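Comments concern the structure below.
Just so it is clear, none of the values below were taken in a lab; they were calculated from the coordinates. Here the structure is a predicted model, which means the values were calculated and not measured. We place every Cβ from the backbone using ideal geometry, glycine too, and count neighbours over all the protein chains shown.
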Amino acid sequence: MKNIAEKLIKWYEENKRELPWRSDPTPYHVWVSEIMLQQTRIEAVKKYYVTFMKELPTIESLAKVEEEKLLKLWEGLGYYSRARNLKKAAMLVQEKYKGKMPSSYQELLQLPGVGEYTAGAIASICFEEQVPAIDGNVLRVVARLTANSQDILLPQVKKQITNQVKQILPKQAGKFNQAMMELGETICIPKGNMKCNECPIKEYCQAYSKQLTNVIPFRNPKVKKKTEEKTVCLLYYQNEIAIRKREEKGLLQQMYEFPNIPQLESIASIEEQIQSWGLQLQNIQEIGKVSHVFTHRIWNMDCYIVKVKNKNTEFIWVNEQELMHKYALPTAFSKILQRKEEKNLCVIQKVYK
Ligand code: SF4
């Protein structure tokens, strides 16, 4: 392990990818990009990052942004508490640190939404503090380098790997941390697709020499996700569609959704539901089933286009332009709109006089 730092940094300097946040790695840029990159692929993050920085170029602008606009900028990235925590942390930086990001690992850890990994990344990349930044990529690389066959998701294993990395951390900790992550993202990738032949540190890799690269990292079988069945109605009155705000707590809190009921329903019970919303039916078309997988649950949604003859005050009625530009609609629901477009000619199930 001790021999790898120098080789890895040299490889990183020669091979690192051009990424929008790497051209000007200020603490703000590194912070926002690292938060966006949690649970999200680099390719997906790039365009969000560019738009976000165009709209909110400073910590001050992030601290002042309205939540609706923030969620709109985050729409589709998922894990929306990340966006809310960014704003909370920006407000704290404004208040407590006069708008300048704190520079030490310990202070960074106090910011909402900033965990050990993000604090380590900002402190080492932007302030040259000699601290590790251990994400899933680094856990995987180190587990393979040391032929560690324990489950890397267990807290005690993470702690053990963090200690191993601390022992070999060079003065250029920021570059080393980035190099480890880059190796994990481009060469030492998951699920047996790694490119060991191109790896700059393969001579030090125990999994490689023992031919264990396909079995490490070991993962305990995943817990089965909970499945929820729903019926979702795209309610149209002329060219307006009904949406409503989700509750203040829980999954996708305070984002917008299409009216829905928490089980799969027959056409007859959908009719009853529409009436209970104070709406008069014109016709019902079936879109079909749409599923969305979250971290711990799966939604199976039976979706319908329901045209109605009047509006109610319980929902917000918007045209599609407004929906697109103003309201943050989670991917689970925007998928239904996409499906509707694909199935242009939905069969009309029932017409009402
Ligand atoms: S040799 Fe292969 S398994 Fe070992 S660190 Fe390099 S890419 Fe990963």
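The table that follows gives values for the structure above.
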quantity	calculated
At most 11 other Cβ within 10 Å, DSSP loop - trypsin sites (Lys or Arg not before Pro), segment 234-278	249
Long-range amide H partners of residue 76 with built H, under 5 Å	331
Low-density loop cleavage sites - GluC sites (Glu not before Pro) in segment 46-140, where at most 12 other Cβ are within 10 Å (DSSP)	66
Inter-part distance where segment 123-144 and segment 179-249 are each reduced to a Cα centre, Å	19 Å
Listed residue pairs exceeding 24 Å between alpha carbons, taken from 64/249; 226/289; 195/225; 88/159; 47/335; 72/245	195/225; 88/159
Relative contact order, percent, the chain [alpha-carbon distance under 8 Å, six or more residues apart]	16 percent
In Hz, Karplus ³J(HN,Hα) per residue of segment 49-65 (6.51, -1.76, 1.60; θ = phi - 60°; x = Gly, Pro)	4, 4, 5, 4, 5, 5, 7, 10, x, 9, 4, 4, 5, 5, 5, 9, 5
Charged-residue dipole, Cβ positions (Lys, Arg, Asp, Glu), segment 4-209 about Cα centre, Debye nearest 20	180 debye
Packing-based exposure ordering (other Cβ within 10 Å, fewest first) of 317, 21	317, 21
HN-Hα J in Hz across segment 310-315 - Karplus 6.51, -1.76, 1.60, θ = phi - 60°, x for Gly and Pro	8, 10, 10, 9, 6, 10
For residue 282, distant residues with modelled amide H under 5 Å away	307, 308, 309
Charge dipole magnitude, Cβ of K and R +1, D and E -1 - the chain, Cα centre, debye nearest 20	660 debye
Helix 173-186 axis, angle to the chain major axis (alpha carbon atoms, nearest 10°)	60 degrees
Order of 47, 230 - criterion: other Cβ atoms within 10 Å of each residue's Cβ, fewest first	47, 230
From phi via Karplus (6.51, -1.76, 1.60), per-residue ³J(HN,Hα) for segment 68-75 in Hz, x at Gly/Pro	4, 5, 4, 5, 5, 5, 8, 3
Mean separation of Cα contacts under 8 Å, 6 or more apart, over the residue count of segment 4-209: relative contact order %	22 percent
Dipole magnitude of segment 1-101, debye to nearest 20 (Cβ charges: Lys/Arg +1, Asp/Glu -1, about Cα centre)	200 debye
Qualifying trypsin sites (Lys or Arg not before Pro) in segment 152-225, DSSP loop, other Cβ atoms within 10 Å at most 12	171, 191, 195, 210, 219, 222, 224, 225
The chain: angle of helix 136-145 to the longest principal axis, Cα-based, in degrees nearest 10	40 degrees
